[in-house]
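Below is one structure; the comments refer to it alone.
Readers should treat all values here as calculations from the given coordinates under stated rules, not as data from a laboratory. For clarity, every value in this text was computed on a predicted model and none was experimentally measured. Ideal geometry is used to build each Cβ from the backbone, glycine not excepted, and the neighbour counts take in all protein chains shown.
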Amino acid sequence: MELSVTHAGIDRGDKRPRLVRAATAVFAEKGYASTRVADIAERAAIGKGTVYEYFSSKKELLFAVFESINEDVTARMNAVLDDDEPTQEQLFNLLRLGAEVILEQLELQPVVLDFWAASRGGGFEENYREAVVASYTQYRKLISDFVRAGQRRGQFRSDADADALAAMVVATVDGLGIQLYFDRSVDPRRITEAFAHLLYENLTMESP
């Protein structure tokens, strides 16, 4: 995911995606609380008043950033799982993608937490909660569908709990992102590679 936006070469088409890209960059640099709508407008090289033609508030802009990130991650997961690589390689590439997303979005971790805190108790809280649930549900479904497809082909153990494994993968990637933000010695690439080996061994071992 791109976290920087420059004035040079900006597409003069639809301003909404430009504003979302600009908001992503500024939120990552300044934090949600310290960012002004004017900062985002300046980064997108458009007038501040134009921002309100597309978004009613800074919260709505951050919500759009959240949705944009989820759409990007989902598209990249689909690309990995739709690839013609062998099942084992698809599984490893899926976990490698998780590590890359963690590294790309490292500076957005506190922004998401700030937004969650800012939305508490307001009308936006339920919208945000629903969006988070929907994104986790989508990620888990992509992974559980992949496991079930492997089971139908006889490549994975038939007694493996696809839903539980999917939740475990999502939780591992999510938790690594939080750990890395606070402890930069954590290596998500090494950890997800090791986890992929363990997961694959569990999926392919003989049933007890």
With at most 13 other Cβ atoms within 10 Å, longest stretch of the chain clear of loop GluC sites (Glu not before Pro) (DSSP)
54-205
Note down the magnitude of the dipole of segment 122-208 about its Cα centre, charges +1 on Lys and Arg C-beta and -1 on Asp and Glu C-beta and zero elsewhere, to the nearest 20 debye.
300
From the Cα centre of segment 102-142 to that of segment 37-85, the distance in Å is 13
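Stokes-Einstein at 4 °C, 1.567 mPa s, Kirkwood radius from Cα pairs: D for the chain in µm² s⁻¹?
Values: Rh = 18.7 Å.
Once the numbers are plugged in, D ends up at 69 µm²/s.
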Taking the Cα atoms only, what angle lies between the long axis of helix 87-104 and the longest principal axis of the chain, rounded to 10 degrees?
30
Only Lys, Arg, Asp and Glu count, each charged at its Cβ (+1, +1, -1, -1), so figure out the dipole size of the chain about its Cα centre, rounded to 20 debye.
620
Two-decimal log10 I(q)/I(0) for segment 127-205, as the Debye equation yields it once each C-alpha is a single scatterer, q = 0.13 Å⁻¹:
-0.48
Counting other C-beta atoms within 10 Å, and keeping those with at most 16, which DSSP coil trypsin sites (Lys or Arg not before Pro) do you find in segment 62-122?
Arg120
Given His197, Gly123, Ala99, which one lies farthest toward the positive end of the charge dipole of segment 70-208, if we put +1 on the Cβ of every Lys and Arg and -1 on the Cβ of every Asp and Glu?
His197
Toy charge model, Lys and Arg Cβ at +1, Asp and Glu Cβ at -1: segment 14-124 dipole around Cα centroid in debye, rounded to 20, equals 820
Scattering profile of segment 72-117 from the Debye formula, Cα beads only, expressed as log10 I(q)/I(0) at q = 0.16, 0.29 Å⁻¹, is -0.52, -1.00
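Please give the FRET efficiency for Asn127 paired with Glu42, using the beta carbon to beta carbon distance and R0 = 30 Å, rounded to the nearest 0.05.
Values: r = 27 Å, r/R0 = 0.91.
About 0.65, to the nearest 0.05.
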Fluctuation leader among Ala117, Ala166, Ala99 - the chain, Gaussian network, Cα springs under 10 angstrom
Ala117
Determine ³J(HN,Hα), in whole Hz, for all residues of segment 76-83 in sequence, where each value follows from phi through the Karplus function 6.51 cos²θ - 1.76 cosθ + 1.60 and θ = phi - 60°; x replaces Gly and Pro.
6, 5, 4, 4, 5, 6, 8, 5
